[in-house]
Amino acid sequence: MRTVALVLCVVLVGVAPVVGAASGGPASGAADVGPGDGPFASSPVDADRTVLSASVDEDGHAQWSVDYRVELTTDNETAAFESLSADIAANRSAYLASFRDRMTRTVGTAENATGREMAVENLSVSTTTEEIQGYGVVTYSFRWTNFAAVDGDELRVGDALAGFFLEADGRLVLSWPDGYDATSVSPTPDDRSDGRAAWNGPAEFGPDGPSVVASPGGLPLPLIGLAVLVVGTLLAGGAYAYRRRGSDAPDTTSAEAPDPQPTATDASPDDGDEAGAPPSDDELLSNEERVLRLLEAEGGRVKQQTVAQRLEWTDAKTSQVVGALREEDEIEVFRLGRENVIVDPEESEL
(Lines give C-alpha, C1' and ligand atoms only; values in the text may rest on other atoms or scores of the structure.)
Protein backbone atom coordinates (compact mmCIF):
# COMPACT_ATOMS: atom_id res chain seq x y z
CA MET A 1 0.00 0.00 0.00
CA ARG A 2 2.90 2.36 0.66
CA THR A 3 3.79 2.17 -3.02
CA VAL A 4 0.73 4.26 -3.90
CA ALA A 5 1.90 7.17 -1.77
CA LEU A 6 5.45 6.97 -3.02
CA VAL A 7 4.33 7.10 -6.62
CA LEU A 8 1.97 10.00 -5.93
CA CYS A 9 4.74 11.94 -4.21
CA VAL A 10 7.01 11.34 -7.20
CA VAL A 11 4.25 12.71 -9.41
CA LEU A 12 3.84 15.85 -7.36
CA VAL A 13 7.56 16.49 -7.08
CA GLY A 14 8.10 15.71 -10.74
CA VAL A 15 5.52 18.17 -12.01
CA ALA A 16 6.25 21.01 -9.58
CA PRO A 17 6.73 24.19 -11.62
CA VAL A 18 10.06 25.95 -11.59
CA VAL A 19 10.77 29.59 -12.26
CA GLY A 20 14.20 30.82 -13.26
CA ALA A 21 15.84 34.04 -14.34
CA ALA A 22 13.47 36.28 -16.24
CA SER A 23 16.01 36.67 -19.01
CA GLY A 24 16.10 32.92 -19.70
CA GLY A 25 13.17 32.85 -22.13
CA PRO A 26 11.54 29.71 -23.52
CA ALA A 27 14.04 27.08 -24.53
CA SER A 28 14.04 25.48 -27.94
CA GLY A 29 12.31 22.12 -28.08
CA ALA A 30 9.97 23.08 -25.21
CA ALA A 31 7.22 20.98 -26.73
CA ASP A 32 9.18 17.84 -25.82
CA VAL A 33 9.49 18.55 -22.11
CA GLY A 34 7.24 18.84 -19.10
CA PRO A 35 7.26 21.43 -16.34
CA GLY A 36 9.56 19.39 -14.15
CA ASP A 37 12.37 19.62 -16.72
CA GLY A 38 11.12 22.68 -18.55
CA PRO A 39 12.82 25.72 -20.04
CA PHE A 40 13.62 27.38 -16.70
CA ALA A 41 15.19 24.35 -15.02
CA SER A 42 18.65 25.88 -15.34
CA SER A 43 17.83 28.34 -12.54
CA PRO A 44 14.86 26.91 -10.65
CA VAL A 45 12.87 28.39 -7.79
CA ASP A 46 10.67 25.69 -6.27
CA ALA A 47 7.04 26.32 -5.35
CA ASP A 48 6.74 27.93 -1.93
CA ARG A 49 3.39 26.30 -1.24
CA THR A 50 1.59 23.26 -2.69
CA VAL A 51 -2.15 22.84 -2.09
CA LEU A 52 -3.80 19.53 -3.04
CA SER A 53 -7.61 19.57 -3.09
CA ALA A 54 -9.98 16.68 -3.81
CA SER A 55 -13.76 17.12 -3.91
CA VAL A 56 -15.53 13.75 -3.79
CA ASP A 57 -19.03 13.24 -5.24
CA GLU A 58 -21.73 10.71 -4.30
CA ASP A 59 -20.39 8.16 -6.81
CA GLY A 60 -16.88 8.21 -5.34
CA HIS A 61 -15.31 10.21 -8.18
CA ALA A 62 -13.07 13.12 -7.14
CA GLN A 63 -12.33 16.43 -8.83
CA TRP A 64 -8.70 17.21 -8.03
CA SER A 65 -6.73 20.42 -8.25
CA VAL A 66 -3.01 20.74 -7.53
CA ASP A 67 -1.91 24.34 -6.94
CA TYR A 68 1.78 25.20 -7.02
CA ARG A 69 2.13 28.67 -5.47
CA VAL A 70 5.31 30.63 -6.14
CA GLU A 71 5.91 33.77 -4.08
CA LEU A 72 6.79 36.72 -6.30
CA THR A 73 8.84 39.10 -4.17
CA THR A 74 11.13 40.60 -6.80
CA ASP A 75 10.78 41.93 -10.34
CA ASN A 76 12.96 39.09 -11.62
CA GLU A 77 10.72 36.45 -10.02
CA THR A 78 7.62 38.12 -11.44
CA ALA A 79 9.14 38.30 -14.92
CA ALA A 80 10.26 34.67 -14.69
CA PHE A 81 6.77 33.51 -13.74
CA GLU A 82 5.28 35.49 -16.61
CA SER A 83 7.71 33.71 -18.94
CA LEU A 84 6.71 30.36 -17.45
CA SER A 85 3.02 31.21 -17.96
CA ALA A 86 3.69 32.09 -21.59
CA ASP A 87 5.60 28.85 -22.12
CA ILE A 88 2.79 26.77 -20.61
CA ALA A 89 0.27 28.54 -22.87
CA ALA A 90 2.45 27.88 -25.92
CA ASN A 91 3.28 24.26 -25.03
CA ARG A 92 0.23 23.21 -23.04
CA SER A 93 0.04 19.74 -24.58
CA ALA A 94 3.63 18.98 -23.50
CA TYR A 95 2.99 20.01 -19.90
CA LEU A 96 -0.26 18.02 -19.82
CA ALA A 97 1.39 14.94 -21.36
CA SER A 98 4.09 14.86 -18.70
CA PHE A 99 1.57 15.23 -15.87
CA ARG A 100 -0.85 12.72 -17.42
CA ASP A 101 1.84 10.04 -17.72
CA ARG A 102 2.80 10.37 -14.06
CA MET A 103 -0.78 10.51 -12.78
CA THR A 104 -1.78 7.52 -14.92
CA ARG A 105 0.96 5.46 -13.25
CA THR A 106 -0.16 6.68 -9.81
CA VAL A 107 -3.81 5.87 -10.45
CA GLY A 108 -2.85 2.46 -11.86
CA THR A 109 -0.98 1.64 -8.65
CA ALA A 110 -3.95 2.75 -6.54
CA GLU A 111 -6.25 0.70 -8.76
CA ASN A 112 -4.23 -2.44 -8.07
CA ALA A 113 -4.14 -1.74 -4.33
CA THR A 114 -7.88 -1.05 -3.95
CA GLY A 115 -9.35 -3.37 -6.57
CA ARG A 116 -11.42 -0.55 -8.12
CA GLU A 117 -11.18 0.52 -11.76
CA MET A 118 -9.79 4.05 -11.92
CA ALA A 119 -8.91 6.59 -14.58
CA VAL A 120 -7.61 10.15 -15.03
CA GLU A 121 -9.99 12.35 -17.01
CA ASN A 122 -10.45 15.99 -18.09
CA LEU A 123 -6.87 17.04 -17.39
CA SER A 124 -6.08 20.76 -17.67
CA VAL A 125 -3.35 23.21 -16.67
CA SER A 126 -3.61 26.95 -16.08
CA THR A 127 -1.65 29.81 -14.53
CA THR A 128 -2.83 32.81 -12.55
CA THR A 129 -1.20 35.69 -10.71
CA GLU A 130 -2.54 36.84 -7.34
CA GLU A 131 -1.25 40.39 -7.34
CA ILE A 132 -2.47 41.41 -3.89
CA GLN A 133 -1.06 38.32 -2.17
CA GLY A 134 2.03 38.33 -4.39
CA TYR A 135 1.82 34.77 -5.71
CA GLY A 136 2.02 33.11 -9.09
CA VAL A 137 -0.02 29.89 -9.25
CA VAL A 138 0.22 26.93 -11.61
CA THR A 139 -2.87 24.71 -11.32
CA TYR A 140 -3.35 21.18 -12.65
CA SER A 141 -6.96 19.95 -12.55
CA PHE A 142 -8.32 16.49 -13.32
CA ARG A 143 -11.04 13.97 -12.45
CA TRP A 144 -10.01 10.77 -10.65
CA THR A 145 -12.75 8.20 -11.17
CA ASN A 146 -13.62 5.79 -8.33
CA PHE A 147 -11.20 7.58 -6.03
CA ALA A 148 -13.35 6.74 -2.97
CA ALA A 149 -15.07 3.48 -2.06
CA VAL A 150 -18.89 3.52 -2.10
CA ASP A 151 -20.79 1.15 0.21
CA GLY A 152 -24.49 1.85 -0.24
CA ASP A 153 -24.87 5.53 0.68
CA GLU A 154 -21.60 5.55 2.63
CA LEU A 155 -18.43 7.06 1.21
CA ARG A 156 -15.00 5.84 2.36
CA VAL A 157 -12.29 8.26 1.27
CA GLY A 158 -8.55 7.73 1.58
CA ASP A 159 -7.62 4.15 0.72
CA ALA A 160 -6.23 5.34 -2.63
CA LEU A 161 -3.71 7.49 -0.67
CA ALA A 162 -2.36 4.77 1.63
CA GLY A 163 0.96 5.87 3.14
CA PHE A 164 0.66 9.37 1.69
CA PHE A 165 2.78 12.10 3.27
CA LEU A 166 2.90 15.89 2.97
CA GLU A 167 6.04 17.97 2.76
CA ALA A 168 6.45 20.95 5.10
CA ASP A 169 5.07 23.36 2.49
CA GLY A 170 2.09 21.15 1.57
CA ARG A 171 -1.61 21.25 2.39
CA LEU A 172 -4.20 18.56 1.65
CA VAL A 173 -7.92 19.35 1.53
CA LEU A 174 -10.58 16.61 1.23
CA SER A 175 -14.24 17.54 0.85
CA TRP A 176 -17.40 15.44 0.61
CA PRO A 177 -20.84 16.07 -0.97
CA ASP A 178 -23.39 18.56 0.33
CA GLY A 179 -25.88 16.86 2.64
CA TYR A 180 -23.30 14.31 3.82
CA ASP A 181 -22.03 14.15 7.39
CA ALA A 182 -18.54 12.87 8.17
CA THR A 183 -18.88 10.27 10.92
CA SER A 184 -15.12 9.66 11.04
CA VAL A 185 -12.07 11.75 10.07
CA SER A 186 -8.58 10.41 10.76
CA PRO A 187 -6.05 11.58 11.72
CA THR A 188 -7.38 14.70 13.42
CA PRO A 189 -7.27 17.46 10.77
CA ASP A 190 -5.63 20.84 11.31
CA ASP A 191 -8.78 22.50 10.00
CA ARG A 192 -12.32 21.16 9.72
CA SER A 193 -15.53 22.88 8.68
CA ASP A 194 -18.85 21.85 7.17
CA GLY A 195 -18.08 19.43 4.35
CA ARG A 196 -14.28 19.53 4.40
CA ALA A 197 -11.15 18.61 6.33
CA ALA A 198 -7.60 19.88 5.79
CA TRP A 199 -4.13 18.83 6.94
CA ASN A 200 -0.93 20.91 6.83
CA GLY A 201 2.51 19.43 6.29
CA PRO A 202 4.75 17.99 7.33
CA ALA A 203 2.49 14.99 7.91
CA GLU A 204 2.66 11.23 7.29
CA PHE A 205 -0.68 9.44 7.25
CA GLY A 206 0.34 5.80 7.62
CA PRO A 207 -0.94 2.69 5.82
CA ASP A 208 -4.61 3.78 5.86
CA GLY A 209 -3.99 7.21 4.39
CA PRO A 210 -6.06 10.25 5.35
CA SER A 211 -9.41 8.63 6.13
CA VAL A 212 -12.92 10.13 5.90
CA VAL A 213 -16.16 8.16 6.28
CA ALA A 214 -19.26 10.15 5.30
CA SER A 215 -22.93 9.35 4.75
CA PRO A 216 -26.07 11.35 3.92
CA GLY A 217 -28.61 12.48 6.48
CA GLY A 218 -26.49 14.50 8.90
CA LEU A 219 -27.29 18.16 9.46
CA PRO A 220 -24.66 20.64 8.26
CA LEU A 221 -22.71 22.25 11.09
CA PRO A 222 -24.45 25.67 10.79
CA LEU A 223 -27.87 24.01 11.15
CA ILE A 224 -26.67 21.99 14.14
CA GLY A 225 -25.49 25.19 15.80
CA LEU A 226 -28.82 26.89 15.07
CA ALA A 227 -30.74 23.93 16.49
CA VAL A 228 -28.66 24.02 19.69
CA LEU A 229 -29.32 27.74 20.06
CA VAL A 230 -33.09 27.38 19.48
CA VAL A 231 -33.47 24.45 21.87
CA GLY A 232 -31.43 26.21 24.55
CA THR A 233 -33.52 29.36 24.20
CA LEU A 234 -36.79 27.41 24.41
CA LEU A 235 -35.64 25.53 27.51
CA ALA A 236 -34.59 28.72 29.25
CA GLY A 237 -37.86 30.44 28.32
CA GLY A 238 -39.93 27.48 29.47
CA ALA A 239 -38.20 27.36 32.84
CA TYR A 240 -38.76 31.10 33.33
CA ALA A 241 -42.47 30.84 32.43
CA TYR A 242 -42.90 27.90 34.82
CA ARG A 243 -41.36 29.84 37.69
CA ARG A 244 -43.52 32.90 36.93
CA ARG A 245 -46.66 30.78 36.85
CA GLY A 246 -45.82 29.28 40.22
CA SER A 247 -45.11 32.65 41.85
CA ASP A 248 -48.28 34.33 40.44
CA ALA A 249 -50.73 31.54 41.44
CA PRO A 250 -53.55 32.70 43.85
CA ASP A 251 -53.32 31.83 47.56
CA THR A 252 -55.89 29.06 48.20
CA THR A 253 -54.88 28.30 51.80
CA SER A 254 -57.26 29.05 54.67
CA ALA A 255 -56.60 31.75 57.24
CA GLU A 256 -55.94 29.10 59.87
CA ALA A 257 -53.45 27.24 57.73
CA PRO A 258 -49.80 27.95 58.37
CA ASP A 259 -47.84 29.89 55.79
CA PRO A 260 -46.52 27.53 53.12
CA GLN A 261 -42.81 26.99 53.06
CA PRO A 262 -40.95 28.40 50.07
CA THR A 263 -40.55 25.93 47.22
CA ALA A 264 -38.32 25.84 44.18
CA THR A 265 -41.08 27.49 42.13
CA ASP A 266 -41.15 30.48 44.52
CA ALA A 267 -37.56 31.33 43.75
CA SER A 268 -36.61 34.52 41.96
CA PRO A 269 -36.90 34.32 38.15
CA ASP A 270 -33.19 35.02 38.04
CA ASP A 271 -32.26 31.89 40.02
CA GLY A 272 -30.62 29.18 37.93
CA ASP A 273 -30.55 31.17 34.68
CA GLU A 274 -26.93 30.29 34.10
CA ALA A 275 -27.66 26.57 34.03
CA GLY A 276 -30.33 26.95 31.34
CA ALA A 277 -28.72 29.73 29.30
CA PRO A 278 -27.98 28.94 25.65
CA PRO A 279 -24.36 28.89 24.52
CA SER A 280 -22.89 32.15 23.28
CA ASP A 281 -22.62 32.80 19.55
CA ASP A 282 -18.81 32.55 19.65
CA GLU A 283 -18.99 29.01 21.05
CA LEU A 284 -20.96 27.91 17.99
CA LEU A 285 -18.54 29.38 15.44
CA SER A 286 -15.43 27.85 13.90
CA ASN A 287 -12.13 29.73 14.18
CA GLU A 288 -12.50 30.90 10.58
CA GLU A 289 -16.03 32.17 11.19
CA ARG A 290 -14.87 34.12 14.25
CA VAL A 291 -12.23 35.90 12.15
CA LEU A 292 -14.78 36.71 9.44
CA ARG A 293 -17.25 38.07 12.02
CA LEU A 294 -14.54 40.30 13.52
CA LEU A 295 -13.55 41.46 10.03
CA GLU A 296 -17.19 42.40 9.31
CA ALA A 297 -17.47 44.25 12.64
CA GLU A 298 -14.35 46.26 11.74
CA GLY A 299 -15.83 47.38 8.43
CA GLY A 300 -13.99 44.91 6.19
CA ARG A 301 -10.40 45.73 7.22
CA VAL A 302 -8.46 44.77 10.34
CA LYS A 303 -4.83 44.22 11.34
CA GLN A 304 -3.81 40.61 11.94
CA GLN A 305 -2.34 41.58 15.31
CA THR A 306 -5.73 43.05 16.30
CA VAL A 307 -7.35 39.70 15.50
CA ALA A 308 -4.89 37.92 17.81
CA GLN A 309 -5.57 40.40 20.62
CA ARG A 310 -9.37 40.43 20.30
CA LEU A 311 -9.70 36.64 20.08
CA GLU A 312 -6.93 36.04 22.66
CA TRP A 313 -5.02 33.76 20.29
CA THR A 314 -1.32 33.19 19.86
CA ASP A 315 0.39 34.67 16.81
CA ALA A 316 0.97 31.15 15.45
CA LYS A 317 -2.70 30.16 15.70
CA THR A 318 -3.82 33.46 14.18
CA SER A 319 -1.41 33.03 11.27
CA GLN A 320 -2.63 29.48 10.63
CA VAL A 321 -6.33 30.46 10.60
CA VAL A 322 -5.68 33.54 8.45
CA GLY A 323 -3.62 31.44 6.03
CA ALA A 324 -6.44 28.92 5.63
CA LEU A 325 -8.96 31.70 4.92
CA ARG A 326 -6.62 33.28 2.38
CA GLU A 327 -6.17 29.98 0.54
CA GLU A 328 -9.95 29.61 0.33
CA ASP A 329 -10.18 33.18 -1.10
CA GLU A 330 -12.35 34.25 1.85
CA ILE A 331 -10.01 37.15 2.63
CA GLU A 332 -7.14 39.13 1.15
CA VAL A 333 -3.95 40.00 3.03
CA PHE A 334 -1.43 42.75 2.32
CA ARG A 335 1.51 44.30 4.12
CA LEU A 336 1.24 47.74 5.71
CA GLY A 337 4.65 48.65 7.07
CA ARG A 338 5.62 45.72 9.29
CA GLU A 339 2.09 44.45 9.82
CA ASN A 340 -0.34 42.23 7.91
CA VAL A 341 -3.74 43.74 7.17
CA ILE A 342 -6.74 41.47 6.51
CA VAL A 343 -9.28 42.73 3.98
CA ASP A 344 -12.73 41.53 2.91
CA PRO A 345 -12.39 40.95 -0.88
CA GLU A 346 -15.79 42.58 -1.44
CA GLU A 347 -14.69 45.69 0.42
CA SER A 348 -11.18 45.90 -1.05
CA GLU A 349 -10.39 48.84 -3.27
CA LEU A 350 -6.97 47.45 -4.25
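The values are calculated or read from the model by the stated rules, or taken from the named source; none is laboratory data. What you are looking at is a predicted structure, and each value in this text was computed from that prediction instead of being measured. A quick note on method: Cβ atoms are made from the backbone with ideal geometry, for glycine too, and the neighbour counts reach across all protein chains shown.
Just one residue in the set Thr128, Thr73 is more than 22 Å from Ala162 (Cβ to Cβ), assigned by TED's automatic domain parsing to the domain that holds Arg156 and either basic (Lys, Arg) or touching a strand residue (DSSP E or B) at 6+ places or on another chain (Cβ under 6 Å) (or both); that residue is Thr128. The residues of the range 307-334 that are surrounded by fewer than 18 Cβ atoms within 10 Å (Cβ to Cβ) and of a type in the set (Val, Ile, Thr), listed by number, are Thr314, Val333. In the range 71-95, of all residues being under 14 Å from Thr129 (Cα atoms) and among the charged types (D, E, K, R), the one that is surrounded by the fewest Cβ atoms within 10 Å (Cβ to Cβ) corresponds to Asp75. In this structure, Pro207 does not satisfy being within 16 Å of the chain's Cα centre (by Cα) and either in a loop (DSSP other than H, G, I, E, B) or of a type in the set (Asp, Glu) (or both). Just one of (1) surrounded by 16 or more Cβ atoms within 10 Å (Cβ to Cβ); (2) in contact with a Phe, Trp or Tyr (Cβ under 8 Å, 6 or more places away or on another chain); (3) at pLDDT below 75 fails for Pro269. It is (1).
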